[in-house]
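Written out below as structure tokens is the structure these notes cover.
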Amino acid sequence: MKKLRTSILALFIFHSVFVYGQVPVNFNDCNYDMFFVSADTKPMWNVDTLSQEDYFNNYFADIDEIKGINGKVILGIIIFETGKTCCHSFTDMTKSNLNPEIFKDAVNDMADWVPAKQQDKEIVFLLHLVLDIENGKFIDKNKLP
């Protein structure tokens, strides 16, 4: 399992560096022995009244660093068996040199998720969340107008 985790991380870094020219910032705050990147049941956002984009827009509403930014940010989020989140990595593809610490804080302050399950048992899961930013606002490009 450790080889699989290392291989996936190496592939992610290779992809980020050579395709986007960005190196992810890895944080060492998350305590785990291993994590899954695939599961019978993937973790789910657990806030019915607020989308993920609205969560980030509310979180960053008073942070000037985000205003006027366009591009993508990739967050590696560890979701523990309890649903608690921890920011594992940050990749800035906006070419704006965003501060990774503010994104780490946003992830670590999230409400608990519904954890991933493997064989009906909650597991530690690594989720890569891609955030699209247009003019300083987080948007869902998958939503139809």
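Structure summary
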read-out: The one condition in (1) touching a helix residue (DSSP H, G or I) at 6+ places or on another chain (Cβ under 6 Å); (2) surrounded by fewer than 19 Cβ atoms within 10 Å (Cβ to Cβ) that residue 141 fails to fulfil; value: (1)
read-out: Restricting the range 60-102 to residues that are over 25 Å from residue 42 (Cα atoms) and among the β-branched types (Val, Ile, Thr), the residue that is surrounded by the most Cβ atoms within 10 Å (Cβ to Cβ); value: 66
read-out: Qualifying positions in the range 78-93 - under 22 Å from residue 138 (Cα atoms) and among the β-branched types (Val, Ile, Thr); value: 78, 79, 85, 91
read-out: The range 29-74 - residue that is more than 13 Å from the chain's Cα centre (by Cα) and basic (Lys, Arg) and, of those, farthest from residue 98 (Cα to Cα); value: 42
read-out: Checking residue 136 against (1) of a type in the set (Gly, Ala, Ser); (2) over 20 Å from residue 72 (Cα atoms); (3) in contact with a helix residue (DSSP H, G or I) (Cβ under 6 Å, 6 or more places away or on another chain), the condition it does not meet; value: (2)
read-out: Residue count for the range 61-83, restricted to those that are touching a residue at least 12 places away in the same chain (Cβ under 8 Å) and out of contact with any strand residue (DSSP E or B) (no Cβ under 9 Å at 6 or more places or on another chain); value: 4
read-out: Selection from the range 33-52 of residues that are of a type outside the set (A, V, I, L, M, F, W, C) and either in contact with a helix residue (DSSP H, G or I) (Cβ under 7 Å, 6 or more places away or on another chain) or under 15 Å from residue 113 (Cα atoms) (or both); value: 41, 42, 43, 46, 48, 49, 51, 52
read-out: Top-ranked residue of the range 103-128 - restricted to ones that are more than 14 Å from the chain's Cα centre (by Cα) and of a type in the set (Lys, Arg), ranked as surrounded by the fewest Cβ atoms within 10 Å (Cβ to Cβ); value: 121
read-out: Some residue of the range 41-49 being aliphatic (A, V, I, L, M), at pLDDT 95 or above and exposed (fewer than 15 other Cβ atoms within 10 Å of the Cβ); value: yes
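Residue-wise test of (1) under 17 Å from residue 127 (Cα atoms); (2) polar (S, T, N, Q).
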position	(1), (2)
28	yes, yes
33	yes, no
39	yes, no
49	no, yes
56	yes, no
64	no, no
67	no, no
89	yes, yes
101	no, no
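The values are calculated or read from the model by the stated rules, or taken from the named source; none is laboratory data. Because the structure is a prediction, the values reported are computed rather than measured. Methodologically, a virtual Cβ is constructed for each residue, glycine included, from the backbone with ideal geometry; neighbour enumeration extends over all protein chains shown.
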